[in-house]
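Here is the structure we will look at, set down as structure tokens.
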Amino acid sequence: MNWSYIEVPLRYGQGKHGVEQGPSKLRTLGLETLLPATTKQHTIRVLPESELINSEEHLKRVDGVLYTVQELAEVVDAEVQAKRFPLIVGGDHSMAIGTLAGLAKTGPYGVIWVDAHADLNTGETSPSGNIHGMPLAAAMGMGDIRLTEVGGREPKLAPEHLVYMALRDIDEGEIREINRLGIKVITVEEIRTRGVDVMMEEALTYLRARVDRFYLSFDMDSLDAKLVPGTGTPVDQGLTAAEGKAILAEAMKADDLIAIELVELNPSLDHDDTTAQLAFELCETILKSKENLLLESETV
């Protein structure tokens, strides 16, 4: 298996400084030492703050987001086409506009979105105007044309190809869209009572009936607020650290997983590196899960 490691030091999708430091913080903790020697590494460019035009109330810093996600879409497309497995680390969740667009260039796929938030707003429905709450809407062709046409004019994702996990802080407009579109939602309570393995199997069975590949996007705020002070929008009653790691480990067992993403680590908000260390452990779970699976297959 050939890996690709893609850093996206983007913060313009939300208003708090520091989330752009997530990738560099993980390097400081030693993430680079976990990457296989053959890993192809990328750092996606970010528009200098001096060049931002921050004049759109309902799409804040949209030019800064577009600058980065357009390049990310191209890189993700190229890496998947080259049969490398991308681990994409951010940065705020607006970057997923690029990930989703890049994957769409390679063919149909499904998504497991592990997040406290639905990220299904548009400029018209968003209470904040922050684009990190809009990537899935943009991927489905909803909202401002500049976001929906990243990577091409066609929608990048069908609603029936999406599974949410750990949602618990959803705006009214997003609730209406989830119900209207019939999007599958798996709650923290279901994960806790039925088990990660059961719920991941349910999610994968649902997606495999519709598509033959999927990617997983993991937002740090899917974890319980007390575990992640270093994220921009923490929410109570979230996943435990063990549940988060188990979700990633189960995903990594799947041969049809084509990319994985971890976002919204903000070191400037963190307490004693609590969130950063947990984010490092999650990345370690991703990298070592596949490594262990390969070793197991060699001994069979």
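Give K245, K184, K226, K288 a once-over and let me know the one that is at pLDDT below 95, at negative phi and not acidic (D, E).
Working: K245 fails: at pLDDT below 95; K184 fails: at pLDDT below 95; K226 fails: at pLDDT below 95.
Residue meeting the stated conditions: K288.
Residue-by-condition table, conditions (1) under 22 Å from L147 (Cβ atoms); (2) modelled with pLDDT under 95; (3) assigned to a helix (DSSP H, G or I); (4) not hydroxyl-bearing (S, T, Y):
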{"site": "L26", "(1), (2), (3), (4)": "no, no, yes, yes"}
{"site": "V46", "(1), (2), (3), (4)": "yes, no, no, yes"}
{"site": "N54", "(1), (2), (3), (4)": "yes, yes, no, yes"}
{"site": "K60", "(1), (2), (3), (4)": "yes, no, no, yes"}
{"site": "G64", "(1), (2), (3), (4)": "yes, no, yes, yes"}
{"site": "L72", "(1), (2), (3), (4)": "yes, no, yes, yes"}
{"site": "D77", "(1), (2), (3), (4)": "yes, no, yes, yes"}
{"site": "I88", "(1), (2), (3), (4)": "yes, no, no, yes"}
- Note on the structure: Within region 71-117, of all residues that are among the acidic types (D, E) and in contact with a strand residue (DSSP E or B) (Cβ under 7 Å, 6 or more places away or on another chain), the one surrounded by the most Cβ atoms within 10 Å (Cβ to Cβ) is D92
- Kindly indicate whether any position in region 231-244 is assigned to a helix (DSSP H, G or I) and closer than 30 Å to A82 by Cβ. yes
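So that you can scan it fast, the table gives a plain yes or no per residue for (1) of a type in the set (D, E, K, R); (2) surrounded by 15 or more Cβ atoms within 10 Å (Cβ to Cβ):
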| residue | (1), (2) |
| --- | --- |
| L26 | no, yes |
| L31 | no, yes |
| P36 | no, no |
| H42 | no, yes |
| L47 | no, yes |
| E51 | yes, no |
| E57 | yes, no |
| V65 | no, yes |
| T68 | no, yes |
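Surrounded by fewer than 17 Cβ atoms within 10 Å (Cβ to Cβ) and among the small types (G, A, S): which single residue out of G182, G133 fits that description?
Details: G133 fails: surrounded by fewer than 17 Cβ atoms within 10 Å (Cβ to Cβ).
Going through G182, G133 in turn, the sole match is G182.
Considering region 262-289 alone, what residues qualify as being under 14 Å from the mean Cα position of the chain (by Cα) and of a type in the set (V, I, T)?
Here is the first cut: in region 262-289, the ones under 14 Å from the mean Cα position of the chain (by Cα) are 262-265, 279, 282-283, 286.
Result: V263, I286.
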- Note on the structure: Per the list (1) surrounded by 24 or more Cβ atoms within 10 Å (Cβ to Cβ); (2) of a type in the set (K, R); (3) within 27 Å of P234 (Cα to Cα), residue check on R168 breaks on (1)
- Could you please tell me which pairs satisfy a Cβ distance under 8 Å, a separation of 6+ or placement on different chains, a first residue in region 42-53 that is under 9 Å from E7 (Cα atoms), and a second residue that is part of a helix (DSSP H, G or I) and of a type in the set (G, A, S)? I44/G98
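The values are calculated or read from the model by the stated rules, or taken from the named source; none is laboratory data. For clarity, every value in this text was computed on a predicted model and none was experimentally measured. A quick note on method: Cβ atoms are made from the backbone with ideal geometry, for glycine too, and the neighbour counts reach across all protein chains shown.
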